[in-house]
Amino acid sequence: MPQKTIFTARRLSASTFLVNEVNDVFDENPFLYAILVPSANTLVLVDTGCDGRSRTPDPGVTRVRDFLERVPVGANGDRPLNPQGQLGYVVVLTHCHYDHILGVEQFAHDSQIVASGHDPSFVSPENLPKHSLCAPLDLPTPTYTPTLVPHSSLLSSPTGTSLNLRVLHTPGHTPDELALWHEEERMLYVGDTLYECAPIIFPSEGSIVRWFESVDDLIALVRDADSDGGLLTRINAGHQTAGEPAMDVLLASKAFMQDVVSGTEPIQRRWQKRGDTFVEYAQKGGRFSLQCPERLVLLARRSPI
Ligand SMILES: [Zn+2]
């Protein structure tokens, strides 16, 4: 009998697996990524999910660390991704929203937790309950001490071996949103900056103006990487989108957001949330949609993009 768990895993490349936490009580359906780097004795975990808050009755293994260490994965030759925890962990948080950090305490006592150093006060212990959305949702805020890294930092294991992963600051969705660039594998991890087939959501602290700047930076990076005729870069997001051609997803999401800002996309609905008027836009065909404070669209409309 396969072991019961709320996680599924599928292989994206020789070293990388998509770990999907399914049927969580928030309907976030988060995408986590496990990048195995045996040469550095490390498993890099991108985001930590909802900490097993599941709608599934009798869900089995609900801690992502237990899943990684104990549950056999078919796509990994029926072995766990990190049997008995042989590899150490480096955890990269794409940003501090609850559905990315609720599982982080499973690692915080013995592993490096990496986050963006773009706006340290945004993720300070005083501000984290609000900015993670844990306080508004009445959830306990996880306790952890992130290593806040500068833009373009190359990550290494605790013993100093390179992990071949570069952290890029990509503010927009939140001030602390980051992307992770695995040049060797041509994989770009973008967190909640963008994804397909579910609303891209900006909180009150988001900025569409910054989002365009960050997406333009990512487009330039992918254009450069794809120009040498080798592997095409693929994009892995915090929800819904994994393993898709990066340039196509980046350009199409930018075009949708330009339609929103120019007024070509009509507002589908408007409502009040956390003291802001929120609006929703939805592209015909359903590939891209957006929920954000209306204020952010109006600000972007007044800015040269
Ligand atoms: Zn988010």
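Some notes on this structure:
- Apportionment of accessible area to carbon and sulfur, the chain, percent (1.4 Å): 50
- Overall dimensions of the stretch 17-59 as given by Cα atoms, namely Rg and Dmax in Å: 12.6, 39
- Long-range HN-HN contacts of Ser156 with modeled amide H, under 5 Å: Leu163
- Take the convex hull of the alpha carbons in the chain; its mean projected area over all directions comes to 16.1 nm².
- Accessible area per residue for the stretch 7-301, computed on protein heavy atoms with a 1.4 Å probe, is 40 Å².
- Between the amide H of Ala198 and those of Ser289, distances stay under 5 Å, these residues lying 5 or more places away or on another chain, with hydrogens modeled in the peptide plane.
- Taking every full run of DSSP H in the chain, the ones that stretch at least 15 Å from end to end by Cα along their long axis and average -0.5 or higher on the Kyte-Doolittle scale are 208-226, 246-262.
- Remark: the stretch 105-119, residue by residue, has Karplus-estimated 3J(HN,Hα) of 5, 5, 10, 5, 7, 9, 9, 6, 10, 9, 9, 5, x, 5, 9 Hz, where x stands for each Gly or Pro and the curve is 6.51 cos²θ - 1.76 cosθ + 1.60 at θ = phi - 60°.
- Cα convex hull of the stretch 165-249 - mean projected area over all directions, nm²: 5.1
- Cα gyration tensor shape for the stretch 144-200, rounded if a/c is under 1.5, else prolate or oblate: oblate
- Within the shell of other residues whose beta carbon sits under 12 angstrom from the beta carbon of Val73, the net charge comes to +2, with Lys and Arg scored +1 and Asp and Glu -1.
- In range of the label at Gln272: residues from the stretch 284-305 whose backbone nitrogen is under 19 Å from the point 7 Å along Cα→Cβ: 292-296
- The stretch 3-91: C-alpha gyration tensor shape, a/c 1.5 cut-off, then a/b vs b/c: prolate
- With every protein chain in place and a 1.4 angstrom probe, the accessible-area ranking of Leu298, Leu133, Leu232, largest first, reads Leu232, Leu298, Leu133.
- Shape of the stretch 1-154, Cα gyration tensor, a/c cut at 1.5: oblate
The values are calculated or read from the model by the stated rules, or taken from the named source; none is laboratory data. Only a predicted model underlies this, so the values are computations on that prediction, with no experimental measurement involved. Here Cβ is always computed from backbone atoms with ideal geometry, including for glycine, and neighbour counts include all displayed protein chains. Ligands, DNA and RNA are excluded from the accessible area calculation, which covers all protein heavy atoms including side chains. Shrake-Rupley method; radii C 1.70, N 1.55, O 1.52, S 1.80 Å.
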